[in-house]
1. How high is the FRET efficiency between residue 423 and residue 524 when r is their beta carbon distance and R₀ equals 45 Å, given to the nearest 0.05?
2. Report the full-extension gain for the segment residue 408 to residue 326: residue separation times 0.36 nm, less the Cα-Cα distance, to one decimal in nm.
3. Residues of the stretch 477-518 with backbone nitrogen within less than 17 Å of a virtual label 7 Å along the Cα-to-Cβ line of residue 596, please, listed as ranges.
4. Using r as the Cβ-Cβ distance of residue 570 and residue 165, and R0 as 41 Å, what FRET efficiency do you calculate, to the nearest 0.05?
5. Provide the per residue accessible area, probe 1.4 Å, for the stretch 297-370, rounded to a whole number of square angstrom.
6. So between residue 296 and residue 128, what do we pick up on full extension, going 0.36 nm a residue minus the alpha carbon distance?
7. Could you order the peptides 603-609, 673-679, 168-174 from most to least packed, using the average number of other C-beta atoms within 10 Å per residue?
8. Go through 476-489, 349-362 and give me the packing order, highest mean Cβ count within 10 Å leading.
Amino acid sequence: MIELNLELQIMLDPINDSTRHQFVSYASDKLRLQSLFTWVPFSVVGVSSELHGTSVEDLTRTDLAVNTTHTWECSRYCTFPQELVLRMNYRCEIAHLVLTAKEDRFIPEIDVLIGDGLSGSFLDVDYRRAGTGFNITSSAKQVDTLGIGSFIKIIFKRAPPKTNKNPCGQVGLSLIKVWGQPLGYFKGVVNEATPLYGQADLVDKVLIEMGLPISDDLVKWNHADVDAKSYTYAPVDEETRQTLIDMERQRNRAYKTQDYELLKNLVRDLKIVFEIGNDILKLKRELEISVGREDFDSAIEQRNKLRRLEIKRDQFDALYETSRYEDMIALPGLSDEQLRKMQEDEQAALHAKMLLEHQMTLQEQEERLRQQELDRLRMLEQQRTEDMLRMQKLQQQQMQQQNQMQIVDDEEEEEKRRKRAEEARLRKEKAEEKKRRLKETMANNNQESETERAERERNIRGGDPLEYNDGDADLEPYLKPHLASAGGNVEKLGLEALRRALNDGTLLVVGVKLWSALHSDTWRHREAASQAFLEFLNSPILPKYEGKSKKLFLAACDVAQQAMRDKLLQIYFIGLKMLQTAMKPPICGDDIPHKLILTTVKPFIQILKEKIEELNFRARDLSLEAMLNIFRHPAMDIKLLIDSIMDFVDKGGPAPDKAPWRIVLARCEILMYAIREFGINPRSWDWHVVFHKLVAPSLNNANPDVRLLAIEIVKIMYKIVGQEVRELVQEIGLKANLLQNIMKELNKTDGQGGAGTTKYMTGSIIEGAKGLEQIPEAQDEDAEAIRRSQMSLKGGATALANSASKTELQNVRKSSNSPTKDNVRASQDKVATSQELMRQSQNKNSSQEMLRQSKNNGEMLRASGGSQKDLSPSPVRASQTQLSPQKSGSNLNKSLNGGAQPPVSQKSGEKLGSAMAGSQK
């Protein structure tokens, strides 16, 4: 009613300022759209950086659920501020944004800018600030904005603080949504900050809606200027206008049903069809002008362009099934004669096409064959030419080489002659110079040299050893250059410390100056002293230490221990090299008892163990290698290493599953390499105690590296010991998945996985057997006899090896107490003899070949027709039943000498027989 009164009042009253103001307000209210706020679809058109594995395209999804897999985050080492540019699918009024940060990618502050433009990309748009957001976390947060536009730029102003889970200070988004309402450029909503159009554009639009024609140059139509009402007057041809109207109707239906996928395609295609229609209209006008001017060349070109554009437009009609497409597919009814004629024409065209294709195929084949033949002839000719050129070039090279060699030989001969003459002249001059200098020295400095030499001898022999001794004289050539490069003065060590070193015998070997520099507060002096002593050890040994290197060995160990206790790693590494050099001959000679070596080296085990427990990987690896090298020495007992590993368990400390992981990791690593290097010797240490107190608790340690090392130790023990390790693992009470993984590894070790029925035989610990040895099931009596003979032979050989090795090892230990070379050499010969016996006893190839041959003989007799009663017992069964302790040695000797092996002496056969008798008892 109010609207009607206002209209009547406007019609009846004369037009004045108040009436005009009322009319404009009424028109604006009528033109203004109702609120259609919704989630606005968009696409990402620009981003400063993104991390590999994340994609900014994942932010364009339509759901509001937070997704942790499809997210975006900036690169690790990017520079801030970072920018993210969004392009709306249409111009809209933006109310707010909903943002959700990625987990552990906190966003401290953002700026939201809105840009609006009629054309161009996001780089050509002027942006204005629309809002600011702070402290965006993994919970959804709304950032209020105010503005109208088609682009949104989000600026991440600064990086978040670095944390353990975000060490690089990155920002990330898992969700971004835009809330707004779509707007055309002439819907009545005006952005007050930046006007969208000028007054001239508004006048042109009004004139077009009134039906008044205007020039194309005055109105710059584009896809952003039109809407559903203005398509009727859009500058396109009539057919395209009908297509646009039908597509706009489908767009409205998709908007109501929220089919945003179809809506996205329609918005894009509407712009394309609008441009096509505008081009068609212009081409039609240009075609008429060209025909009127009789410019038929331009008319032909314009006609072809027009047809291509119409075909392209018809494709959109077919895609969206517009009314024009329905008219195109509605064909008029055809008569039978017309249909028959069309079919005949199609068949004739198809036949002609097939015939033409066949002819073209034949021509192509002929052309291809002719081209192949030409290529082959060309290649042959080219190859012949290349061969000739290569031969000529080769001949030229040979001639050049011969000439060069002749020239070089002549030059070398001349050079040798010249050098010989020069060397003779130089030798003569040097001899004359030497004679002259000798005469001058004897004439001028003879008295002074004798005085200095006498003073030096007096200082060494009759002087105070706490001031200067033989060690200073021996090490002065090595120490003096290093101290000169280090700089500064070395303060002399206290008398108490020097007396202790003198009582130990170290001071007389290393000298007062080096010992004082080794204990200096300046690290350069300590490094210089360590490096000088290392060079002294690596140089040829002095004559006074040949055959009497005990003092040198003890002094080297003292200096190495002092260097290895230094806090600087470079000095520690020098001490490590000194220790390894001291453990080798000639420093560690035959005159040093094994007990003294064991006592001297024992403190180094604790130092090396502490270094292995540290987190410095280089120091740990070098220390572990040095420890294994030390225990390769014959004087070292592996029990000392095992006791050092188990000290924290034996002293009542925390269990391996509760102890610090780096300590347990170091102990397990030392144990693994020790077992792998030296095996398991039950006479030296009990592996059951180590398994129950260290290996088994380490399987339950929280650190994965400790668990993996424990599993590796179990595998190595299983290879050496056998089935007993598997049973102990099953009795520990581990978790089901861990126990299953360990059993899989053990099955892979002995090849059990997927095998058939097998029997297992436990290997010997001393022999270092491979755990379980598979023996297939026997199917007849001969195979069973073969298996029993194999077991008896292996048991006898094992007992022989155990007894021989035990006796010889005891003899070696007894003989090691005497420091003479003859005893040591005799012990080494005995050990070599015992090892040869073990190798001969473990060789079962010849015995298995003999048993296999006896089985084949029995099968051949049965196949020849002989009865079972007439057959004599097989050699295997006879040797098994008639084996006696007195004849076991000779039988085993015969079985082990299977052709390729050398025969065993009579004395060795008697030893084998006695060992077999003892094993059978």
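The values are calculated or read from the model by the stated rules, or taken from the named source; none is laboratory data. Predicted model only: the values in this text are computed from it and were never measured. Ideal geometry is used to build each Cβ from the backbone, glycine not excepted, and the neighbour counts take in all protein chains shown. With ligands, DNA and RNA removed, areas are computed over all heavy atoms of the protein, side chains included. Shrake-Rupley method; radii C 1.70, N 1.55, O 1.52, S 1.80 Å.
1. On the way: r = 44 Å, r/R0 = 0.97.
For R0 = 45 Å, the calculated efficiency reads 0.55.
2. On the way: separation 82, 0.36 × 82 = 29.52 nm, distance 9.53 nm.
Length gained between residue 408 and residue 326: 20.0 nm.
3. Answer for the stretch 477-518: 502-510.
4. Working: r = 37 Å, r/R0 = 0.90.
Using R0 = 41 Å, I get an efficiency of 0.65.
5. On the way: 6240 Å² over 74 residues.
Spelled out: the 1.4 Å probe surface of the stretch 297-370, per residue, equals 84 Å².
6. Taking residue 296 through residue 128 to full extension adds about 55.2 nm, to one decimal.
7. Details: 603-609: 18.4, 673-679: 16.1, 168-174: 21.1.
Sorting 603-609, 673-679, 168-174 by mean packing, highest first, produces 168-174, 603-609, 673-679.
8. Values: 476-489: 14.6, 349-362: 10.0.
Output ranking for 476-489, 349-362: 476-489, 349-362.
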